[in-house]
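Asks: Take a look at the following structure, please.
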Ligand SMILES: [Zn+2]
């Protein structure tokens, strides 16, 4: 159980070093669990994965890094959500390092309606370099509905289960989107194509909005 999770984490963070405190409990202020979906307008917390000098994430087929692809896509998701009247906050809006456990903590403190971490993928060591699929990860029932809605909108896309630092919140629905494989030539091309990226962003935003609307019914 732990080894695949460990390998997944190593792949996710694009490093041979497992991040410190990766299995630690989240620490945040405002401990009382709150009813979800109380904010109006809706508030979505977006987290472009990685960033900064040491946090590039995986290296894309064309040599560009995941941290850049994540930020570009997250900014497009932000724009798409804002066009629908959704308020958006982000863990970073430039190429800076944000400590892993700070990312979700801010969203909990507010609290936000949901937390969506945006990443691009790379195959685990020893796996086929031509691997390519989309996936949205959640850890608990709170996050699973949101993951399912985003995955439906991004189809073909799998809704999967993973205990990541940014998905294991018991307080607010939290998911991690692996939008594409940056190591795949076409995945990398698509990630850095402004039109294709905007269309992927629209689908992620639509999934978030569909989830929110289903909650209101
Ligand atoms: Zn990543």
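Asks: Quick one: grab the alpha carbon gyration tensor of region 64-106, order the square roots of its eigenvalues as a ≥ b ≥ c, and give me rounded if a/c is under 1.5, else prolate or oblate depending on whether a/b is larger than b/c.
Replies: Details: a/c = 3.10, a/b = 1.29, b/c = 2.41.
Oblate shape, in that a/c is at least 1.5 and b/c is the bigger or equal ratio.
Asks: What nm value, rounded to one decimal, do you get for the distance between residue 96 and residue 127 when each label is placed 7 Å out toward the C-beta?
Replies: Between residue 96 and residue 127, the simple spin-label model gives 3.2 nm.
Asks: Roughly how many nanometres apart are two label points built 7 Å out from the Cα toward the Cβ at residue 170 and residue 196?
Replies: Using points 7 Å along Cα→Cβ, the separation is 4.2 nm.
Asks: Shifting gears a bit: Classify region 114-217 as rounded, prolate or oblate, taking a ≥ b ≥ c as the square roots of the eigenvalues of its Cα gyration tensor: rounded when a/c is under 1.5, otherwise prolate if a/b is larger than b/c and oblate if not.
Replies: Details: a/c = 2.44, a/b = 1.40, b/c = 1.74.
Note, shape of region 114-217 comes out oblate.
Asks: How many angstrom lie between the Cα centre of region 172-217 and the Cα centre of region 42-70?
Replies: 14 Å
Coordinate-derived values only; no laboratory data. As the structure is a prediction and not an experimental result, all values here were calculated from the model. Please note: Cβ atoms are built from the backbone with ideal geometry, for glycine as well, and neighbour counts cover all protein chains shown.
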